[in-house]
1. Would you kindly derive the ³J(HN,Hα) couplings of the range A:280-295 from the backbone phi angles with the Karplus curve 6.51 cos²θ - 1.76 cosθ + 1.60 (θ = phi - 60°), listing them in order in whole Hz, with x for Gly and Pro?
2. Using just the C-alpha positions of the protein assembly as shown as equal point scatterers, what log10 of I(q)/I(0) does the Debye formula give at each q in 0.11 1/Å?
3. Pull up all non-local amide H partners of residue A:177: gap of 5 or more, or a different chain, and H-to-H distance under 5 Å with H placed in the peptide plane.
4. Output ³J(HN,Hα) for the range A:107-121: one whole-Hz value per residue in order, computed from phi by the Karplus curve 6.51 cos²θ - 1.76 cosθ + 1.60 with θ = phi - 60°, and x for Gly and Pro.
5. Go through A:224, A:115, B:318 and say which Cα lies farthest out towards the positive end of the charge dipole of the protein assembly as shown; charges sit on Cβ, +1 for Lys and Arg, -1 for Asp and Glu.
6. Lys/Arg Cβ at +1, Asp/Glu Cβ at -1, dipole of the range B:87-193 taken about the Cα centre: which of B:166, B:132, B:178 is farthest positive-ward?
7. Among DSSP beta bridges lying fully in the protein assembly as shown, give the percent that are antiparallel, nearest 5.
8. Once you order the gyration tensor axes a ≥ b ≥ c over the Cα atoms, which shape class does the range A:1-63 get: rounded for a/c under 1.5, otherwise prolate or oblate by comparing a/b with b/c?
Amino acid sequence: MFAGALYNGRDANAVAVQCEAADGVLRIRGAGIEFGAELSRIKVSPRLARTHRILRLPDGLQVHTDDNDAVDAAFPQRNRLEALVDRLERHWRAAVASVALTLIAATAFFTVVLPWLADRAAQKIPFAVEREMGKQALSVLQRLALKPSTIPEERQQALRARFVGFVRGIPGGAEYAVDFFSAPGIGANAFALPGGTIVFTDDMLQMLQSDDEFLAMAAHEIGHEQHRHVLRLVLRDSAVVVIGALFAGDVGSAGTLVVAVPTFLLENHYTRAFEAEADEYAFTQLAAHAVSPQVFADVMRKFEAAHPELKDTSMAYASSHPPTQERITRAEQAARDYSAAHAPRP
Amino acid sequence: MSTVELPPSAAQNELRLPESAPGFIEHPFQFTGDTREFFRIWIVNLALSIVTLGIYSAWAKVRTNRYFYANTWVAGAPFQYLAQPIPILKGRIIAAGVFGSYALAGHFSTKLQLALAGGIALIVPWMVVRGLRFHARYSAWRSLNFRFVGGYGAAYLRYLVIPLLVIPFTLGFAYAYVKWQQRRFVVEGHRFGGKEFKFHATSGDFFPPYLAAIGLGFLWVIFVVVVMMSVVFAGAHAGPPEKWKIYSVAAFEYAGFFLIGIYVVARVTNLVYNKTELDGHRLQSSLRARDLMALYVGNTFAILFSAGLLIPWAMVRMAKYRASCLTLLASGDLDTFVAVASAEENATGAEMDVLFDVDLGF
């Protein structure tokens with residue numbers, strides 16, 4: 001037996017009624033009202049906290065009631081999914097478990113599942129698309145920031161020759177090219193465009209004292225391209241943004257900041273992982289070309305200890321490629337391995 | 001029934017009632033949700049959404065909306081949210097597909113992204129109408145559904161043609177006029193219980209809040225530039241300033257725009273509600289810009305420093321405040337509303353507006 005308000009489905013008038021379920025029928029009684037409706041023909045809204053339940057009777061009639069337990073008793077086995085969810089929602093233990101589960105599942109999803117899916121998708125994208133991306137990016141950069149290089153032609157030729165010799169043996173080596181630009185607005189920087197063009201700015205070349213240091217930087221950038229980092233980052237970031245926007249809808253008024261902060265942290269996380277991967281590639285390739293990874297560590301130190309006067313030019317590269325102690329340590333470890341392997345045998 | 005026109009400065013925080021309303025019965029809105037209760041609902045549904053890779057999120061949305069509707073009471077009865085999860089799930093999949101291709105396109109080809117942006121701009125009015133129809137169709141009070149009957153032609157006029165024609169030629173000053181057109185379209189397109197909503201605001205009513213916001217925005221930019229010059233670059237040695245200084249000035253500047261935005265929300269929301277009529281019944285909204293700012297700022301920091309765990313607290317707090325500022329002024333019997341049949345609606349437009357942040361107002 002439970003109390004409710006009966007609506008006739010035609011107007012906003014409510015009539016107070018008493019309902020009782022017995023023998024497959026819901027008996028409804030109120031002032032001047034008495035009738036029955038088959039339980040099997042009544043639709044019941046799922047339970048949710050203390051909110052009212054709506055029983056939809058045939059012919060558009062509705063009974064609204066807040067006696068949730070009585071409704072559940074009269075209509076067992078209804079909305080089984082949401083009945084289960086409702087039970088979970090009422091227990092603090094489930095809430096605590098949900099906090100843990102959310103943290104673990106979200107971390108696993110964003111650090112393992114999503115990168116894995118994005119990387120699989122990246123493999124399916126044809127190389128021609130990537131080359132087109134690179135061309136577009138270069139033409140935009142040329143319009144905005146890159147001007148013809150002022151490095152003497154002989155020096156450019158020499159570096160190009162070293163570069164060609166360096167990429168000859170690697171998979172897809174023929175696709176790789178190196179380009180030099182004067183870019184005061186960008187400062188000392190080197191980056192790989194999708195499709196295999198490696199760009200060095202004049203400021204960067206001036207910081208690099210030897211061809212080996214140039215190769216060390218080039219090898220790192222080739223590593224980015226070999227692992228298709230730009231494409232993978234684009235796919236991961238886009239997925240994070242879309243998922244973030246979907247959840248921001250649920251988050252409601254708190255909106256953008258809530259999504260912006262984790263997105264930023266995630267992007268940073270992906271970038272760091274890619275830097276480490278490109279470093280590893282560079283160490284291996286340098287060693288294969290009889291250049292010690294120590295050169296790489298030296299360049300990193302140069303950025304780390306960049307002279308105050310140089311700061312404005314060196315910062316650009318450093319901000320996208322943090323010269324952390326961790327990276328230097330790894331480079332020096334690789335250098336020790338290299339020396340051990342190349343030591344004159346007794 | 002006339003409202004008292006106050007000069008903008010005085011009207012800023014209290015928009016007065018339609019003449020202390022003789023003959024009106026006041027029915028204050030009330031939000032009865034509970035933070036602890038909603039926290040459990042929120043976190044359980046979030047966890048389920050994540051472990052089902054987002055599929056359950058449609059159910060989560062329905063339960064969340066049902067909780068907020070069913071805990072919002074007026075005149076002795078709660079609101080009801082009646083949408084079903086499956087149409088919402090379908091809408092979400094389509095919306096995520098469109099939004100995803102837009103987000104991706106920019107990385108591959110700027111032309112493609114521009115084309116997509118143009119395409120999306122072309123369907124915004126369609127999204128607005130679909131979204132309004134969906135929300136109205138599945139919102140109810142005392143067993144009667146709301147309805148939205150505004151047409152596509154009118155929506156294209158107000159959300160595409162008029163903005164494109166008017167805003168560029170007036171350097172943006174006609175923005176208030178465009179907003180008025182849109183709000184009028186939204187309010188007057190709604191029906192409840194067989195009765196039409198009427199909108200009594202004139203385009204002139206919309207200019208003070210938006211002009212005030214533009215003025216405040218200019219003053220703020222000048223102030224920020226002065227602060228930046230004097231604090232950041234004072235005694236600066238050669239070379240550009242450090243990064244954190246640039247970022248904090250930018251953050252400072254955005255914080256100002258954020259507060260100005262909230263000021264506009266408070267004033268325009270009050271304006272829209274106070275000038276809305278349904279069959280002789282009126283609404284009275286008394287949001288105060290400074291209360292709303294305190295709420296938003298407090299919520300933002302609480303959410304950031306709790307790693308998101310205080311989101312439900314923030315949502316309940318906001319709903320409580322908003323309900324506490326809204327009163328239904330009934331001109332008589334509320335039992336006279338009658339049911340009008342309306343067709344089912346799909347959720348595609350309704351889900352897209354969330355992703356593309358279309359301002360549906362109301």
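Bear in mind these aren't lab numbers, they're just calculated from the coordinates by the rules spelled out. Owing to the predicted nature of the structure, the values given are computational and were not obtained by experimental measurement. So basically every Cβ, Gly included, is an ideal-geometry build from the backbone, and we count neighbours across all protein chains shown.
1. My calculation for the range A:280-295 gives 3, 4, 4, 4, 5, 5, 4, 4, 5, 9, 6, 10, 6, x, 4, 4 Hz in order.
2. Computed log10 I(q)/I(0) values: -1.25.
3. Counting only residues 5 or more places away or on other chains, the set is A:197, A:198.
4. 3J(HN,Hα) across the range A:107-121, in whole Hz: 4, 4, 5, 7, 9, 10, 5, 4, x, 4, 4, 5, 5, 4, 4.
5. Farthest along the dipole direction, towards plus: B:318.
6. Of the listed residues, the answer is B:132.
7. On the way: 61 of 66 bridges.
Within the protein assembly as shown, antiparallel bridges account for around 90 percent of the total.
8. rounded
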